[in-house]
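Note sheet for the following structure.
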Amino acid sequence: MSDPRRSIPSVDVLLEQEPFASLLSAYPRARVVEGLRSVIADVRERVSAGTDVVGIEQPELYAREVEVQLAQKDEPSLRPVINATGVVLHTNLGRAPLPAVAREAMARAARGYSNLEFDLEEGKRGSRYDHCVSLLCDLTGADDALVVNNNAAALVLALNTMARGRGVAVSRGELVEIGGGFRIPDILERSGATLVEVGSTNRTRVADFEEACADGSVAAILKVHRSNFRITGFTEEAPLQELAAVARAHGMPLLHDLGSGLMLAAESLSLPEEPRAAESLANGADVVAVSGDKLLGGPQAGLLLGGADAIARMRVNPLCRALRVDKVTLAGLEATLQLYRDPERARAEIPTLRMLSATEPELKVRATSLAERLEDAGVSSALVEGKGAVGGGTYPGVELAGWALSLDHPDGAEVFAARLRLGDPPVIARIADGQVLLDPRTVHSEEEDALLRRIIDAWTGASTP
Ligand SMILES: *Cc1c(COP(=O)(O)O)cnc(C)c1O
């Protein structure tokens, strides 16, 4: 019996065949050849393993497999997904979705040249750090502002500028991990400063800071907002105003790492109190650091807000160049911040704020309509009280009242959720008590048709696995 591997046509012969004509017009020849070689190698391996490969002499077999392989390689790795988890600032899903005006501004900045570092009036070199400054000052009462890559970068830059080679006093109750291995003690050390721990985990008094600052090794005080956890019980915290007085008395800056970037009164979003940059500056912080893509609802960025001297020193720190912000980000941030000049507009147009302030009756109407449309397609679901979350390491333990669809698939929640995830667009759901929960809070209304199509496909098992 002859070796079946000898039936495999050669690369040159196959490329001449009809089924390869369309592939060669769609892809560069080198890619088709490379793909074909790997398909041939794969067929050879299957044959050697004793598999009977049907159509081993047919060019169609090879063309089909090459096409699948090339298409797979061209799939983007970073893809849009439908977030049906109800977690608004889902860090794994890219945090804040951007307002339309920001997306448009980003596209404009990306498309062509801009005055990023060019002074149009003077006709000479300008600074990228001038953009957004007056807006940020107007919105927060800061004297000056500096935008960098993210809040982690803002912290590194501030600490390195204020305290390189010196001590930074931090309460033991605020030596926190923000997430993704980002820990305040580590970041402080990498910034070239030395950690001076103050007080205890649950109680830190102003007197503790006074004592720490007395010995001359401390160059700055850092207060970190406990954004992603709460401590309760027998606790005490040094008020910001009193910390500011200690810092002033010792001629050192007080840096407040706030994180969230909330710009509107929390109660206007029906959320519990959360410190804001404007308040923190008014209460005596010299520099405040916040994120652009948490409660601010803009692109990933770190905002340093504060006194003119402190910000000016950071701007000329060589590290600033390594942490600098991109033009596309600046365009999106500026457009987002502009919305805050009118709080009504900010609440209506910034998706993060809109999703956070969606009311229970609104969400019930949306969930009901989704359930009815599913029912029409033969998919039964139940309405359950959905507990959305703010996410992004903010508002720990705060549940957002709403409604979600609960689906009980015979193949089990894990299998059904995997099918939802693996289709196009991927749908990310939550699993609770063996049910798949889909929360409309984080689904844009224009995504609803795609969501329904994906649920129906996944329900009938049309998508893999
Ligand atoms: C989120 C957060 C950070 C990190 O901000 P990124 O923008 O993600 O780098 C730092 N500090 C606090 C208090 C935070 O909440």
Value of Rg/Rh across segment 66-199 [Cα atoms, Kirkwood radius]: 1.07
Which whole-Hz ³J(HN,Hα) couplings does segment 299-316 yield from phi under the Karplus relation 6.51 cos²θ - 1.76 cosθ + 1.60, θ = phi - 60°, glycine and proline marked x? x, 4, 6, x, 10, 9, 10, x, x, 4, 5, 4, 5, 4, 5, 5, 5, 9
Relative contact order (%) - criterion: Cα under 8 Å, at least six apart; region: the chain: 19 percent
Each label sits 7 Å from Cα toward the beta-carbon; between Ala21 and Glu177 the label points are separated, in nm, by 6.1 nm
What does segment 173-304 give for Rg and for Dmax, in Å, if only its C-alpha atoms count? 14.9, 45
No solvent, one uniform scatterer per C-alpha: report log10 I(q)/I(0) for segment 155-201 via the Debye equation at q = 0.13, 0.15, 0.19, 0.26 1/Å, two decimals. -0.26, -0.34, -0.54, -0.93
Residues listed by number, segment 343-374, amide nitrogen under 18 Å from Glu446 label point at 7 Å toward C-beta: 348-355
Can you tell me the 0 to 90 degree angle between the C-alpha axis of helix 448-459 and the longest principal axis of the chain, rounded to 10? 50 degrees
Given an 8 Å cut-off on Cα distances and at least 6 residues of separation, report the relative contact order of segment 1-151 as a percent. 14 percent
Taking the Cα centroid of segment 401-458 and of segment 69-91, what is the distance between the two, rounded to the nearest whole Å? 15 Å
Sequence neighbours fewer than 8 away in the same chain don't count; with that in mind, list the aspartates and glutamates whose C-alpha is under 13 Å from Lys223. Glu174, Glu197, Glu237, Glu242, Asp257, Asp286
Keeping every protein chain present and rolling a 1.4 Å probe, give me the accessible area per residue for the chain in Å². 48 Å²
Provide the per-residue ³J(HN,Hα) series for segment 192-197, in order, calculated from phi with Karplus coefficients 6.51, -1.76, 1.60 and θ = phi - 60°, each as a whole number of Hz, with x at glycine and proline positions. x, 9, 10, 6, 10, 6
So the pair-distance distribution of segment 100-349, from every Cα-Cα distance in 10 Å bins, comes to percents of 7, 31, 35, 19, 6, 1, 0
Angstrom value of the Kirkwood radius, inverse mean 1/r, which spans all Cα pairs in segment 328-399: 15.0 Å
Expressed as a whole-number percentage, the relative contact order of segment 100-349 with C-alpha contacts under 8 angstrom and at least six residues apart is 27 percent
Out of all DSSP beta bridges with both ends in segment 100-349, state the antiparallel percent to the nearest 5. 45 percent
Bridge orientation stat for the chain from DSSP, antiparallel percent rounded to 5, came to 60 percent
Taking the 0 to 90 degree range and rounding to the nearest ten, how far is the long axis of helix 100-111 tilted relative to the main principal axis of the chain, both from C-alpha atoms? 70 degrees
Where does each of 422-430, 20-28 land if you order them by average Cβ count within 10 Å, highest first? 422-430, 20-28
At 7 Å along Cα-to-Cβ for each site, give me the label-to-label distance between Arg453 and Ser369 in nm. 1.9 nm
Given 5 Å bins starting at zero, what is the percent of C-alpha pairs of segment 1-66 in each, up to the one with the largest pair distance? 3, 19, 32, 24, 13, 7, 3, 1
Taking every pair of alpha-carbon atoms in segment 365-465, what share in percent sits in each 5 Å bin, from 0 to the bin with the longest distance? 2, 13, 24, 26, 20, 10, 4, 1
Please give the Cα centre distance for segment 340-386 versus segment 92-167, rounded to the nearest Å. 33 Å
So for segment 101-164, what percent of the C-alpha to C-alpha distances run longer than 16 Å? 65 percent
Could you give the C-alpha radius of gyration of the chain expressed as a fraction of 2.2 N^0.38 Å, taking N as the number of residues it contains? 1.24
Provide the gained length on full extension for the span Ala308 to Arg321, in nm with one decimal, where the gain is 0.36 nm per separating residue minus the Cα-Cα distance. 2.8 nm
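The values are calculated or read from the model by the stated rules, or taken from the named source; none is laboratory data. Not measured: the values here are computed from a predicted model. Glycine gets a Cβ as well: all are built from the backbone with ideal geometry, and neighbour counts include every protein chain shown. Accessible surface areas use protein heavy atoms only, side chains included; no ligands, DNA or RNA. Shrake-Rupley method; radii C 1.70, N 1.55, O 1.52, S 1.80 Å.
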